[in-house]
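What follows is a single structure, written as C-alpha cells, with notes after it.
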Amino acid sequence: MKNIVVVGLGEMGASLAKILNKEPKNQVIGVDINEKSLSYAKDHGIVFGAASNLVNVASHADVIILATPVTYIEEMIRSLSQLSLKKEVIVTDTGSTKRDIMDVAEAVLTPKNIHFVGGHAMAGTHRSGVEWANEKLYQDVPYFLIPSSISNARRLQEILEPIAAKFMPISVKKHDELMAVISDIPHIMSFALMNTATNQLGDSTTFGQYVAGGFKDMTRIAESDPKLWTDVLLSNKEAILTSQSLIIEQLQLFSQAIEDNDASTLMTLISSAQESRKNLLLK
C-alpha cells in the first residue's frame, strides 16, 4: 500500500488526489488549511483521509505532492527537511515555475538524502477549489519532471501513471523560459487588456453586453486567482521580463505601422502570426 500525501486541494491537487485514490494500491491523504475543502474531499471520495497540517502525516508518506502556490511550496520543502521521513520517500510539486523550487530542494533536501522531483503539468483552468476535481484533467497533457541531483523520475512516473499524462524531462532554465512565453505572458496580457478596457470604457457590466468572441477569448484567464498568479509572476521574474520586452517590441512595431499607414508591414506582421498559429493547431 502506497501512502500518498497531497498538500493543497485546489483544482490541480484535488484532481491528482481523486485519480490516485481510486487505485486499490494507494491511500491518499489530503492536507489543506480549509476545513470545508477537507470535508468535501472526504465526502466525495477524493481522499481516503484528511489532515490540516503536513507535519502530522509526513512521516508515514511514501510520496508527498506539494500542490500549493509556489511560495508555499518553498516553505514546505524547508519544513520537510526538518522532519523524520521515510528513507525512500519521494517529494514532488506542481509549481508552474521551477528555478527557485529546485534551488531550495537542492539546498535543504539533497544534503539529507531526501529525493525530490520537480513536477509541472500543462493542465488546469482558471477555476480553483476542491469542487473542480477532474479525473480527466491530466489526460494526454505534457507533464514535466525535473529530478534533483540525487534523484530520478522513474519511480514517481510509475506512481503517477494512472493520471495518463505525457511525462517528459526538461531543464529548469528551458522550463521557466517556456512558461514565461506560453503561460505567464498570456496571463499578463489578459489582465492588462481587462484593466485597459475597464479604465477606458467603464465598468465591465456596462460594456460587457457588446463584447464578442475575440475579447472573451483573450480575457477568459483574467478570472484566474490573484494570489496564485502574483506568486507565479514574481517567482519567474527574469524569464518573464525578457519575454515581456519582446512583446513590447512587437506592440511598438504594430503602433509604428498603424501610425505610418504602412499596410505592407501590418500584413507581414499579421500573416506571420497567422501562419504560426495554423502550425500550432496542427500538433
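Laboratory data are not the source of any read-out in this text; all were calculated from the coordinates shown. Quantities reported herein were computed from a predicted structural model and do not represent experimental measurements. Cβ coordinates were reconstructed from backbone atoms using ideal geometry, including for glycine residues, and neighbour counts include every protein chain displayed.
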Q: Of the DSSP beta bridges with both residues in segment 2-170, give the percent that are antiparallel, rounding to the nearest 5.
A: 15 percent
**Q.** Environment charge of Ile73, counting only residues whose C-beta is closer than 13 Å and scoring Lys/Arg +1, Asp/Glu -1
**A.** -3
**Q.** Three-way shape label, segment 174-282, alpha-carbon gyration tensor, a/c 1.5
**A.** oblate
Q. Which helices, counted as full DSSP H runs in the chain, have an axial Cα extent of no less than 20 Å and a Kyte-Doolittle average of -0.5 or above?
A. 185-201, 237-259, 263-282
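Once you compute Rg and the Kirkwood Rh from C-alpha atoms, what is the Rg to Rh ratio for the chain?
1.03
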Q: List the residues whose amide H sits under 5 Å from the amide H of Lys2, counting only those 5 or more places along or on another chain, with H placed 1.01 Å from N in the peptide plane.
A: Asn26, Gln27
Q) What nm value, rounded to one decimal, do you get for the distance between Glu158 and Lys227 when each label is placed 7 Å out toward the C-beta? A) 3.8 nm
Q. Please identify the trypsin sites (Lys or Arg not before Pro) of segment 53-122 that satisfy two criteria: DSSP loop assignment and at most 11 other Cβ atoms within 10 Å. Which are they?
A. Lys87
**Q.** Under 11 Å, Cβ to Cβ, from Glu177 - net charge with Lys/Arg +1 and Asp/Glu -1
**A.** +1
Q. Which far-off residues, 5 or more places away or on another chain, put their amide H under 5 Å from the one on Phe167, with H placed in the peptide plane?
A. Tyr143
(Q) I'd like the distance between the alpha-carbon centres of segment 181-211 and segment 77-107, rounded to an integer number of Å. (A) 37 Å
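Might you report the magnitude of the Cβ-based charge dipole of segment 1-134 about its Cα centre, with Lys and Arg at +1 and Asp and Glu at -1, to the nearest 20 debye?
It works out to roughly 300 debye.
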